[in-house]
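Nothing in this text is a laboratory measurement; each read-out follows from the coordinates by a stated rule. If you're wondering where the values come from, they're calculated on a predicted model, not measured in any experiment. Ideal geometry is used to build each Cβ from the backbone, glycine not excepted, and the neighbour counts take in all protein chains shown.
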Amino acid sequence: MITTEDPGKCNVPKEALTRRRTLLAGAALGGAALLSGCAAGPGREEGDAEHSAAAERLRERSARDSTALLARYDATLAAHPALAPHLRPLRAEVARHTEAFRPGRATPAPSGRAAAGPARRAAAPSVPADERTARTVLADAERALADTRTAALATAPPELARLLASVAAAGAAHAYLLTGSGA
């Protein structure tokens, strides 16, 4: 690991800057894939792999996972209102991810309050009293979900795989931002 040797600067590994740039570039590319890869192409047939029962189950599971993550953001915002400037943009992205997996449904409440609906009836997730720990718990949830989505790429049809990859990259970026110096 290479560190800066200037005594006036903290010894930050250069690898961390490379990791940050890589992560942010991946999130940007993932966002581009999300925007460009989700439209139906010409010549698609209703019976193709994108609309198979397995693909629909994966979409539904992904939507439920995003909804659960959204509930975690809502609970954290309710417990720690001071974190709102940092968490609201990330929460808004998670809400968009939820909708990307559920086309045609209403957008989750952007205010940080829990919306009514079957997925919201479960008890709110517990939130640590310490803000830093609460951010770490959110980061862990983002990271775990990103890992789950990455693993699902192997069996997902192409269009859904692009969406999963994009959302997984965004989740990894969220995890970094929640635990990095920017949070």
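In this simple spin-label approximation, residue 86 and residue 99 carry label points 7 Å from Cα along the Cα→Cβ vector, and these lie 2.6 nm apart.
Please sort by residue number the GluC sites (Glu not before Pro) in the range 44-85 whose DSSP state is loop and whose Cβ has at most 12 other Cβ atoms within 10 Å. Let's see the in-between values first.
Details: sites: 45, 46, 50, 56, 60; in loops: 45, 46.
Of the GluC sites (Glu not before Pro), the ones in loops of the range 44-85 whose Cβ has at most 12 other Cβ atoms within 10 Å are 45, 46.
Counted residue by residue at 0.36 nm each, then reduced by the alpha carbon distance between them, the extension gain from residue 61 to residue 133 reaches 23.2 nm.
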